[in-house]
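Worksheet: the structure to be examined is printed underneath.
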Amino acid sequence: MSLPPPCPRPRARRRLSAALVVCAVTAGTLMSAVGPAAAHGEPAAPGQNDLAPHVASPRVMAEMRDDEVAALGPEHAEEHARARAAIRGIGDYPQTTRTNRYNALTASQASTNAGFDPAVSGAFKEYFPSPDFGDHVALLPTGKVLLFSFERIESNPEKEPAPTQTIGRENAGRAFLWDPAKGTGTDAFKQVTPPIANMPDGLDQERPAPFFCSGHSFLPNGMLGVFGGNLGGNGGTGAKLSLVFDPWTETWTRNPDMSVGRWYPSVVTGADGRQLIMSGQSELGYGTPTPVVERFPAKGFPVPQGRNDTPRNTPVDRFKADAPFSTDYPHLFSLNDGNVYGFGRQANEQWRFDPVAESRSDLTARPDGRRRNYGSAVMLPGGVSGPDSALVLGGDRDNPSTLRFSNGSWTAEKSRAFGRTQDDTLLLPNGRLMTVNGAYDIRDYGNGPYNPNADLKYRQVELRDDQGNWKLGPVQRLPRGYHSNAVVLPDGRVMVTGDELQQLANNPDTAAIPSSMNGTIEIYEPAYLHQGARPALDNPPTTPVGYDKSFTVTSTTPGQAVKAVLLAPTTSTHSVNTSQRHLDLRITSRAGNRLQLQAPPDAKAAPPGWYMLFLLNDQGVPSVAKWVQLSSTA
């Protein structure tokens with residue numbers, strides 16, 4: 001992340017009536033999502049973040065007015081104060097520009113996509129506001145999506161909105177859940193504030209833990225481990241935070257800190273269900289990537305398997321081998337030999353880690369010889385045995401080459417249309433790939449640092465067929481680059497979000513920014529959702545499934561079910577997605593509406609955890625997924 005410019009001095013007060021009207025409408029919804037205890041500042045109970053004390057930034061507190069507190073109450077008065085504080089940062093990026101840009105993007109999307117057949121290329125269908133920028137996302141086994149980022153310090157999209165250089169109370173995290181079952185309105189979102197933390201920055205100021213630019217992966221019980229974050233200052237200083245989000249109770253837990261700070265680390269879950277944490281800028285600041293590898297839970301502590309197994313007071317420990325990545329957010333994949341493969345951004349930083357021996361060995365250098373910035377990589381489907389290869393395809397803005405790593409060597413695959421960074425490549429239920437989002441660099445979208453004007457070609461998705469051929473498809477509404485994300489939902493749709501600068505630059509309603517609905521979500525429907533009826537899937541196992549064991553599901557359309565697959569849920573940030581995984585399941589017998597399936601052979605093929613189970617017809621049209629848990633202890 002480039003160093004942001006200094007924050008501007010407060011400007012003269014502006015007329016706020018429109019913003020405050022919207023604030024009055026939305027404040028009750030947002031505060032009820034936080035919970036009454038949070039609104040009134042009661043002390044936090046362990047693991048119960050609805051009870052966390054509410055923290056307002058000094059900028060907001062400076063805008064508080066005694067008359068509004070008396071007339072409206074402290075919560076509603078604070079919403080007005082937030083509006084005033086936010087409007088101060090908007091003045092040098094006119095609302096007319098925002099509205100005109102948004103309208104132009106909307107019109108060009110409609111005209112361009114009229115030339116694409118949804119049954120061939122898919123279609124973008126919905127676009128709606130979100131309370132979070134979505135810099136980090138995770139599809140939870142409840143079907144809800146966790147989005148988290150930061151409390152912005154700036155609303156002008158030509159300046160840095162994240163408090164990367166900020167220490168103290170304003171350097172705070174934020175998180176929300178989106179429930180697709182509740183639709184797209186404000187009621188579909190719930191705030192799940194991270195634990196209140198007093199960071200070691202010398203200021204003794206509590207705030208929601210600043211976990212943005214952290215790394216994360218899933219534990220076997222469906223909980224999300226989140227490690228690192230931003231301590232603030234010195235170009236990006238790593239926090240030692242170790243957190244777990246429990247999707248079953250929708251609460252956060254803070255565990256003992258890691259031994260080193262990490263800003264931009266990567267995390268992967270191995271075959272044993274433990275998480276390996278690598279890289280990231282240390283607590284000394286930007287330019288000090290740590291080689292220390294840590295593991296969660298530490299040896300001697302149980303790996304959480306059940307819904308009630310929340311790790312509490314659970315430390316990390318040090319892995320014996322180091323990972324000397326010189327750049328952050330490496331791609332980490334647990335392939336079906338049980339080893340973790342680390343594909344660094346530098347061509348000569350490619351390593352294999354043995355989780356059992358706790359050793360590191362060299363891999364062949366990436367043959368392109370070029371540095372790849374933040375760009376996508378993905379494990380390729382490996383049939384019933386799990387993935388044995390990975391595709392590295394993004395991160396080089398001037399080179400669209402795509403490279404496959406398999407059996408210790410690299411081979412060239414068919415290239416995409418152009419080089420792009422900040423892209424997200426997803427595995428679909430039918431085993432095909434799609435790329436969405438992307439840019440020319442980090443904050444340079446072809447028009448200069450911090451300028452949100454993007455080259456519009458990056459709005460176009462790319463789709464990969466069974467033969468490895470890439471084809472450009474329809475365009476999304478917003479160009480989304482740095483901090484963009486995408487998730488395959490259980491119904492087969494794709495959720496697209498992220499890139500705070502683009503979301504701020506193209507917000508058609510300035511009043512929505514201070515009301516906290518300053519992010520956006522867009523929904524893409526892949527072609528398979530426009531190719532006829534889906535197979536039906538019912539009655540998945542209600543208890544964990546053991547490896548290589550048979551289990552039964554039912555279908556009211558058994559004749560249409562020609563294939564069964566597992567798709568691991570996505571958790572991603574900064575184009576790094578270590579979790580997604582695609583496996584075929586053998587259909588071993590059929591009897592009426594009952595299908596007997598065989599689980600993956602072992603945890604090397606599919607690490608323990610929750611997976612989406614799909615049935616597919618002969619055209620690759622998927623059912624709506626059901627959740628299945630694989631467990632070594634079942």
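The values are calculated or read from the model by the stated rules, or taken from the named source; none is laboratory data. As the structure is a computational prediction, the values presented were derived from the model and not from experiment. Every residue, glycine as well, gets a Cβ built from its backbone with ideal geometry; the counts of neighbours run over all protein chains shown. Side chains are part of the model used for accessible areas, which takes the heavy atoms of the whole protein and leaves out ligands, DNA and RNA. Shrake-Rupley method; radii C 1.70, N 1.55, O 1.52, S 1.80 Å.
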Practice prompt. Mind computing the radius of gyration and Dmax over the alpha-carbon atoms of the chain? Å is fine for both.
Written response: 23.4, 74
Response to the item:
If unit charges are put on Cβ atoms (+1 for Lys and Arg, -1 for Asp and Glu) and the dipole of the stretch 571-619 is taken about its Cα centre, the option from 585, 610, 596 lying farthest towards the positive end turns out to be 596
Worksheet entry | Packing-based ranking, highest mean first, of 71-79, 486-494, 371-379 given that Cβ atoms within 10 Å are counted | 371-379, 486-494, 71-79
Worksheet entry | Per-residue ³J(HN,Hα) for the stretch 536-553, Karplus 6.51 cos²θ - 1.76 cosθ + 1.60, θ = phi - 60°, Hz, x for Gly and Pro | 9, 9, 9, 6, x, x, 9, 10, x, 9, x, 5, 6, 9, 8, 8, 10, 10
Worksheet, complete the sentence: With -39,500 (n - 2.57) per DSSP H segment of 4 or more residues and division by the full residue count of the chain, the 222 nm estimate, nearest 500 deg cm²/dmol, is -3500 deg cm²/dmol
Worksheet, complete the sentence: Measuring from the longest principal axis of the C-alpha atoms of the chain, the long axis of helix 74-88 (C-alpha) lies at a number of degrees, nearest 10, equal to 90 degrees
Worksheet item: Taking R0 as 45 Å, what's the FRET efficiency between residue 198 and residue 92 from their Cβ-Cβ distance, rounded to 0.05?
Response: 0.85
Practice prompt. Just report the Cα centroid separation between the stretch 118-158 and the stretch 300-375, whole Å.
Written response: 27 Å
Discussion item. Could you report the chain's accessible area per residue, 1.4 Å probe, as an integer in Å²?
Written reply: 34 Å²
Worksheet item: Around residue 253, with a cut-off of 10 angstrom between Cβ atoms, what is the net charge of the other residues, counting Lys and Arg +1 and Asp and Glu -1?
Response: +1
Worksheet item: In degrees from 0 to 90, rounded to the nearest 10, what is the angle of the helix 17-34 Cα long axis to the longest principal axis of the chain?
Response: 50 degrees
Worksheet item: What ³J(HN,Hα) values, in whole Hz, does the Karplus curve 6.51 cos²θ - 1.76 cosθ + 1.60 give for the stretch 183-190 when θ = phi - 60°, with x put for Gly and Pro?
Response: x, 10, x, 4, 5, 7, 10, 9
Worksheet item: So which chymotrypsin sites (Phe, Trp or Tyr not before Pro) in the stretch 228-302 are both in a DSSP loop and have at most 15 other Cβ atoms within 10 Å of their Cβ?
Response: 248
Worksheet item: Roughly how tilted is helix 95-113, in degrees to the nearest 10 and between 0 and 90, from the longest Cα axis of the chain?
Response: 20 degrees
Worksheet item: Hey, what's the Kirkwood Rh for the stretch 539-634 if you take every pair of different alpha carbons, in angstrom?
Response: 13.8 Å
Worksheet item: Counting only protein heavy atoms and using a 1.4 Å probe, what share of the accessible area of the chain belongs to carbon plus sulfur, as a whole percent?
Response: 50 percent
